[in-house]
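Reviewing the structure listed below.
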Amino acid sequence: MKNLFALCLFSILFFTCQQAPAPAAEKKSDTAPKPVATTSYSITGKTSKVYTTASNTDLRLENTATLAFKAAEQPLENQVSIFVNPSKTFQTFIGIGGAITDASAEIFAQLPAEKQEELLRAYYDVNDGIGYSLCRTPIHSCDFSTGSYTYIEEGDKELKTFSIEHDQQFKIPMIKKAIAAAGGTLMLYASPWSPPAFMKDNNNMLQGGKLLPEFYATWARYYTKFIKAYEAEGMPIWGITIQNEPMAVQRWESCIYTAEEERDFLKNHLGPTMEQEGLGDKKIVVWDHNRDLISHRANVIFEDPEAAKYAWGIGFHWYETWAGGTSMFANLKNIKESFPTKNLLFTEGCQERFDPEKYQFWKHAERYGGSIINDFNQGTVGWTDWNILLDQNGGPNHVGNFCFAPIHGDTDQGELIYTPSYYYIGHFSKFIRPQATRVSTTSSRSHLISTSFLNTDGRLITVIMNKSDLDIEYQLYVGSEAVKLMIPAHAIQTHVME
């Protein structure tokens, strides 16, 4: 009898559990990937327009072929192939762009009017240029300024003297023109290099130092005043990063935060202050430094729910290669696997050590291409170059840290100098548009690296780069169909399939 009672009780409980309503689905964060439905995608009847940039040729984003897809046979063992599977989707793309710094804006102002218009078209026009869709700008001075400055008088703890008047001479006019050239919309975010000197323990905007705890609240309000001042000028701010390179003591503007210090500043001051000031919709990006130590910063901040709730994602640079290291792309994958609702954003990269003899040095462009492909394949949603424009000396820069930009303005001759890096970036930014979804792409040989995105208009974009010294014949497979073509040595190609 006891056994029968137990059996009946078990049956009732089992039935009840089976019929109980499922728990409410966890509310999806707006930071989660938003893949489009691609299960019905078919390449049948579509063609691929191929655009090529190649070393030792005149090819610069040239349409070099239009190919029709055909039914494909089993790939051969010794055949080089790229395999694209649009039914497997990953992160949603937000854009590619570069930084408008004081240096960029001052050189822009020195160019003839027709060259200014040319530069704006070259970067921001999606038809006549490469279609930049995002922009980073510093909060007051950085190394690429002609001197150190802030938006307040030194010692103003109440921020009563806050004013962006300095930026209204060069930087704000250029940003406004860039927004117009981009069609009226440009995702703009901002980063500080250092708090004002009096807020730091070394009383210096340069040479590292730390933000004094008594100024945490004041510094948090400084961000909100910047955002509101810029938006009052008609320039919407998408978000901010907390600190440029928070582990680098630089001879220029810099400030050090340990992971714990950045976490606590975010959760106790910056995050709450942004919400209190009605700016809770602005994105906050942590770290904003190299890939090498990024996992530690992510672990400390994102494992703390009170800090993590304010963080949209984590930003990174590529300068871990400066001391002869390698690009630590695998660290990005680890973060995406560990914290899938947090976004990865490339916030800065440039070719260091300016040398006017190397404007056309091809390895600089290949550094860009390799980084962009690998970053995207690890889950990165957006990619931001450093200065969009520098002069013929790699500046101006108030501490002698001269670098390359994709385009240089020769202020003596009134001319623009386009480097190969500009075209390599364009193979992505011109064709992969905001809200595109990355899709599965692999290569059968390490000679070629590749990434693919599906745009919201249905165009499938695949970018392939060849860093080898060989011309390589390959087949591009999309599902069960393929096209065959050759990519020259040291070249990059974009397939636009429609």
- [ ] Could you give me the residue pairs with C-beta distances under 9 Å whose first residue belongs to the range 335-348 and is over 18 Å from G95 (Cα atoms) and of a type in the set (D, E), whose second residue is surrounded by fewer than 24 Cβ atoms within 10 Å (Cβ to Cβ) and at pLDDT 95 or above wherever it lies, and which are 6+ apart or on separate chains?
- [x] E337/G379
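Is it the case that L448 is surrounded by fewer than 22 Cβ atoms within 10 Å (Cβ to Cβ), in contact with a Lys or Arg (Cβ under 9 Å, 6 or more places away or on another chain), aliphatic (A, V, I, L, M) and farther than 30 Å from T185 by Cα?
It is true that L448 is surrounded by fewer than 22 Cβ atoms within 10 Å (Cβ to Cβ), in contact with a Lys or Arg (Cβ under 9 Å, 6 or more places away or on another chain), aliphatic (A, V, I, L, M) and farther than 30 Å from T185 by Cα.
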TODO: For the range 111-131, name all the residues that are among the small types (G, A, S), assigned to a helix (DSSP H, G or I) and in contact with an Asp or Glu (Cβ under 8 Å, 6 or more places away or on another chain).
DONE: A122
Open item on the list: Looking at the range 216-234, I want the residues that are of a type in the set (G, A, S) and have a partner that is at pLDDT 95 or above with Cβ atoms under 6 Å, at least 6 apart or on another chain. Which pairs are those?
Closed with: A217/H269; A220/H269; A220/L270; A220/T273; A229/I164
Task: Hits in the range 225-241 (condition: surrounded by 20 or more Cβ atoms within 10 Å (Cβ to Cβ) and either in contact with a His (Cβ under 8 Å, 6 or more places away or on another chain) or assigned to a helix (DSSP H, G or I) (or both)) - done: F226, I227, Y230
- [ ] Please verify whether the range 411-419 includes one or more residues that are part of a loop (DSSP other than H, G, I, E, B), more than 17 Å from A103 (Cα to Cα) and either aliphatic (A, V, I, L, M) or within 22 Å of the chain's Cα centre (by Cα) (or both).
- [x] yes
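Here is a yes/no grid of residues against (1) under 25 Å from Q392 (Cβ atoms); (2) of a type in the set (A, V, I, L, M, F, W, C):
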residue	(1), (2)
Q110	yes, no
Q116	yes, no
A122	yes, yes
R136	yes, no
D143	yes, no
K160	no, no
Q169	yes, no
Task: Subset of the range 32-61 [surrounded by fewer than 16 Cβ atoms within 10 Å (Cβ to Cβ), modelled with pLDDT of 95 or more and over 25 Å from the mean Cα position of the chain (by Cα)] - done: N56, T57, D58
TODO: Show the residue pairs that are 6+ apart or on different chains and have beta-carbon atoms under 8 Å apart, the first residue being within the range 472-483 and hydroxyl-bearing (S, T, Y), the second being outside any strand (DSSP E or B) and crowded, with 17+ Cβ neighbours inside 10 Å.
DONE: Y474/V80; Y477/A72; S480/A72
TODO: Please find, among E348, E366, the residue that is more than 25 Å from S468 (Cβ to Cβ), of a type outside the set (A, V, I, L, M, F, W, C) and in contact with a His (Cβ under 8 Å, 6 or more places away or on another chain).
DONE: E348
TODO: Tally the residues that are touching a residue at least 12 places away in the same chain (Cβ under 8 Å) and either at positive phi or outside the structural domain of K333 (by TED's automatic domain parsing) (or both), restricting the search to the range 271-299.
DONE: 2
Task: Scope the range 262-287; condition part of a helix (DSSP H, G or I) and of a type in the set (G, A, S); matching residues - done: G271
TODO: For L188, work out the one condition from (1) closer than 16 Å to I227 by Cα; (2) outside any strand (DSSP E or B) it doesn't fulfil.
DONE: (2)
Task: Scan of the range 132-148 for residues that are among the polar types (S, T, N, Q) and either assigned to a helix (DSSP H, G or I) or buried (at least 21 other Cβ atoms within 10 Å of the Cβ) (or both), ordered by number - done: S133, T137, S141, S145
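The values are calculated or read from the model by the stated rules, or taken from the named source; none is laboratory data. Here the structure is a predicted model, which means the values were calculated and not measured. Don't worry about glycine lacking a Cβ; one is built from the backbone with ideal geometry, like all the others, and counts go over all protein chains shown.
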